């Protein structure tokens, strides 16, 4: 199954790599996200970013399924019936 890609400039960026990178950092190098940077640690904004991107990817997927995949399903149903 292909992950959904979003075009950012000249490159395709796959959101699963960002999420997997975050999970690997949490699992194998949690000290990186716990470094104190005056007021906040890097883990907080990175965690918020992963959550926000999760909602964005869900919205993109829902929009695509409601437009493209529903038309394909309807054409299959018309072909069968």
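The values are calculated or read from the model by the stated rules, or taken from the named source; none is laboratory data. Computed from a predicted model, the values in this text were never measured in an experiment. Using ideal geometry, Cβ is built from the backbone for each residue, glycine included, and neighbour counts are taken over all protein chains shown.
Quick check on this structure: which one of 52, 39, 46, 56 is at pLDDT 80 or above and in contact with a helix residue (DSSP H, G or I) (Cβ under 7 Å, 6 or more places away or on another chain)? Sole residue among the options that is at pLDDT 80 or above and in contact with a helix residue (DSSP H, G or I) (Cβ under 7 Å, 6 or more places away or on another chain): 46. Of 31, 74, all but one fail to be assigned to a helix (DSSP H, G or I) and modelled with pLDDT of 85 or more; the exception is 31.
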